[in-house]
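Following: one structure in structure tokens, then a few remarks.
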């Protein structure tokens, strides 16, 4: 199995690039933001997940080991293959994937092509306990209160991103979602 590739990016398109290593061009599938960031002719290092099936051998590459581990956790979920996991990682930043799982925010995944409500909920249920293993141990106060607070702030007109960031900054020890909402509104300056 291929686990690491270092070489020159010689071509890129969409969610893939060709990496020349010792005269061999490897097609590496990667999150679109990463593909956009890399320049043709630049030297790059990739942590690789090799996906093997009877009729297919595909490489999925990431610049950071944490992102590779997150990808492998996503594909461990029933009904989530490498293409869907790559779509999730292209549409949602890694930190936000972790916080969405920890907080039970299925809406963050539903906007991704190929992910419906059931798959989004399955991602959360199956990965919530594992998410701390990635080193992104997110200590979110009671995730039910966090989720309710997030929904309320979005209903008030704040973006999901704004609301999540404000809720992360809410002081610990608040007992319910009403107190969390009030504190988050103060952090965001009311509107």
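Key figures
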item: Residues satisfying the stated conditions in segment 90-126, i.e. under 12 Å from the mean Cα position of the chain (by Cα) and in a loop (DSSP other than H, G, I, E, B); result: 92, 93, 112
item: Unmet requirement for residue 80, which otherwise passes all of (1) outside the structural domain of residue 8 (by TED's automatic domain parsing); (2) in a helix (DSSP H, G or I); result: (2)
item: Tally, over segment 22-35, of residues that are surrounded by fewer than 11 Cβ atoms within 10 Å (Cβ to Cβ) and touching a strand residue (DSSP E or B) at 6+ places or on another chain (Cβ under 9 Å); result: 2
item: Meets criteria (touching a helix residue (DSSP H, G or I) at 6+ places or on another chain (Cβ under 6 Å), assigned by TED's automatic domain parsing to the domain that holds residue 182 and at pLDDT below 85) for residue 163; result: yes
item: Check on residue 87, at pLDDT below 95, loosely packed, with under 15 Cβ neighbours inside 10 Å and within 23 Å of the chain's Cα centre (by Cα); result: no
item: Pairs where the first residue, in segment 118-146, is under 15 Å from residue 108 (Cα atoms) and the second is at pLDDT below 75, C-beta under 6 Å, 6+ apart; result: 146/140
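The values are calculated or read from the model by the stated rules, or taken from the named source; none is laboratory data. If you're wondering where the values come from, they're calculated on a predicted model, not measured in any experiment. Reconstructed Cβ throughout: ideal geometry from the backbone, glycine too, with neighbour counts over all protein chains shown.
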